[in-house]
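So the structure is just underneath, and the comments pick up after that.
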Amino acid sequence: MQGASIAVVEDERVIADAVAARLRKEGFEVGTAADGPGGIELCRTLRPDAVVLDLMLPGVDGLEVCKQIQRDRNVPVLMLTARDSEADLLVGLGVGADDYMTKPFSMQELVARLRALLRRAGTGPEQDEPKPLNVGDLTVDPATRETRFKDTTVDLTPREFDLLHHLARRPGVVHNREQLLREVWGYEDGTGERTVDSHIRGLRRKLGPDVIRTARGAGYAVRRPER
């Protein structure tokens, strides 16, 4: 079954490209626009199943875009903003947004929230429900966000979980720091290598030193189980 279509309306090119790339990787059809008028036109032509919409846009802001696209047809909207205030949340939800995320955000969480919106709207295919990943003694369950290692539950922070899940999806494949910042954190947030390295250290403290290997000068990978 083909994936649902998503309109990404975001004026920060790095964020828009990263979100679009991740959604296409997940099987969605994606269209992008970089300003308010372009977002309104994109939604008219693409008629997306859901919209990822930045609050602060040139031309027409996200609140007005949300009002106009909801006037045309009822479509789930996930709003993004750099601000984190209750007033923004209430105004965004008041004009028709269904959910709300603050930058910087986790790509894994963004995909999960979009899938939830599509399921509630009756659009997303049932087989898109994420399944647990089993890599040797490690189990990572994105549906419950639980991690088990050697039959023991491991308490991870939300970002540690997202990073581990991303690596565990392709055991043995090395991901460099730039990829991880883009695909897990959403974009390069300026803290660079230290951000990734500190979270890898946190995972190793909780899972032991052998689950994630370092490819010197290249990046990190979840170790494939020995056969």
Exercise. Quick one: among Ala121, Ala97, Ala20, which has the greatest mean-square fluctuation in a GNM of the chain with alpha-carbon springs under 10 angstrom?
Key: Ala121
Quiz item: Would you list Ser106, Ser198, Ser5 from fewest to most Cβ contacts within 10 Å?
Solution: Ser198, Ser5, Ser106
Exercise. For every other residue with a beta carbon closer than 9 angstrom to the beta carbon of Asp11, add +1 if it is Lys or Arg and -1 if Asp or Glu, then tell me the sum.
Key: -3
Quiz item: Can you give the extra length, in nm with one decimal, that the chain gains between Asp61 and Ser198 once fully stretched, where that is 0.36 nm per residue apart less the Cα-Cα distance?
Solution: 45.7 nm
Quiz prompt | Chain lengthening between Asn176 and Asn74 when straightened (0.36 nm per residue, less Cα-Cα) | solution = 32.7 nm
Quiz prompt | Normalised contact order of the chain, rounded percent, pairs of Cα under 8 Å and 6 or more residues apart | solution = 15
Quiz prompt | Estimated inter-spin distance, Glu226 and Arg44, nm [label 7 Å along Cα→Cβ] | solution = 6.4
Exercise. Could you bin all the Cα-Cα distances of the range 5-127 into 5 Å bins starting at 0 and give me the percent of pairs in each, rounded to whole numbers?
Key: 2, 12, 25, 27, 22, 10, 2, 0
Practice problem: Find, to one decimal place in angstroms, the Kirkwood hydrodynamic radius of the chain, where the mean of 1/r is taken over every pair of different Cα atoms and then inverted. | Solution: 18.5
Quiz item: What do you get for Rg/Rh over the range 1-76 if you use C-alpha atoms and the Kirkwood form of Rh?
Solution: 0.95
Practice problem: Based on other C-beta atoms within 10 Å, arrange Arg44, Arg115, Arg148 from fewest to most. | Solution: Arg44, Arg148, Arg115
Self-check item: For the range 133-222, alpha-carbon Rg and Dmax in angstrom
Solution: 12.2, 37
Quiz item: In terms of modelled amide H atoms, which long-range or inter-chain residues lie less than 5 Å from the amide H of Val173?
Solution: Val222
Quiz item: What is the dipole size for the chain, taken about its Cα centre, with +1 at each Lys and Arg Cβ and -1 at each Asp and Glu Cβ, in debye to the nearest 20?
Solution: 960
Quiz item: At 222 nm, what helix-only mean residue ellipticity would the chain give, in deg cm²/dmol to the nearest 500, using -39500 (n - 2.57) for each DSSP H run of four or more?
Solution: -12000 deg cm²/dmol
Practice problem: Note the full-extension length gain between Thr153 and Asp141 as 0.36 nm times their separation in residues minus their Cα-Cα distance, in nm to one decimal. | Solution: 3.2 nm
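Just so you know, all these numbers are worked out from the coordinates, no wet-lab data involved. Quick caveat: nothing in here was measured; it's all calculated off a predicted structure. Counting neighbours? That spans all protein chains shown, and the Cβs are built from the backbone with ideal geometry, glycine included.
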